[in-house]
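Working notes, structure below.
The values are calculated or read from the model by the stated rules, or taken from the named source; none is laboratory data. Note that the structure is a prediction, hence the values are computed from the model and not measured. When we count neighbours, we look across all protein chains shown, and the Cβ atoms used for this are built from the backbone with ideal geometry, even at glycine. When the accessible area is computed, the model is the full protein with side chains, heavy atoms only, and any ligands, DNA or RNA have been set aside. Shrake-Rupley method; radii C 1.70, N 1.55, O 1.52, S 1.80 Å.
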Amino acid sequence: MRKEEETIKWVLNDLSDLSEFSEEFRAYCEEMDLDENKIFELELSLEELVVNSFTHGYKEDEEGSVRVEAEDTGPDLRISLQDKAPPFDLFRDAPAPRLGGKDPEPEAAAEPKPEPGSITETEAQQEKQGGLGIHLVKSLNDKVEYYGSQDGNIVVIIKSKT
């Protein structure tokens with residue numbers, strides 16, 4: 001991981017860079033006198049997005065990176081995250097937040113239950129979970145924007161400093 005002092009940019013090359021990045025990002029926010037709650041919300045949001053990028057965006061054997069830029073715009077802090085993973089629109093593709101468990105309403109035509117331990121069963125369980133992190137990112141910040149293309153994803157978080 002490296003930090004480019006002039007433009008406040010960080011590049012994370014894998015998840016092992018997350019801890020150092022979090023410490024540097026916190027110090028940056030503290031220098032701007034951002035209040036503790038706002039720092040926590042931003043740290044949680046950035047961690048969720050970085051972890052999602054590495055664990056869901058890049059294939060297991062694929063090298064990837066996430067570039068983070070922070071810009072003080074005066075009244076707001078503008079943070080952008082960019083990866084080169086396949087497009088994943090936070091607003092269109094993220095599942096509705098679910099903690100798992102049984103469906104609230106049984107389906108009219110239930111599919112046969114997968115065999116215990118099968119890949120299909122694991123996938124079915126995962127479909128019943130997830131989406132909570134993206135929901136948190138969207139609800140903890142003043143504005144979240146997504147821009148995607150075949151070249152990757154850009155997520156922009158805007159957080160009021162006051």
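If R0 is taken as 35 Å, the Cβ-Cβ distance between Asp35 and Ser149 corresponds to a FRET efficiency of 0.50. Compared with the direct C-alpha span, the chain from Ala27 to Thr73 gains 14.8 nm at full extension, assuming 0.36 nm per residue.
A simple packing score, the average count of other Cβ atoms within 10 Å per residue, orders the peptides 68-76, 83-91 as 83-91, 68-76, with the highest score first.
Surface composition of the range 1-94: carbon and sulfur atoms hold 44% of the protein heavy-atom accessible area at a 1.4 Å probe.
Ordering of 19-27, 149-157 by packing is 149-157, 19-27, highest average first (other Cβ atoms within 10 Å, averaged per residue).
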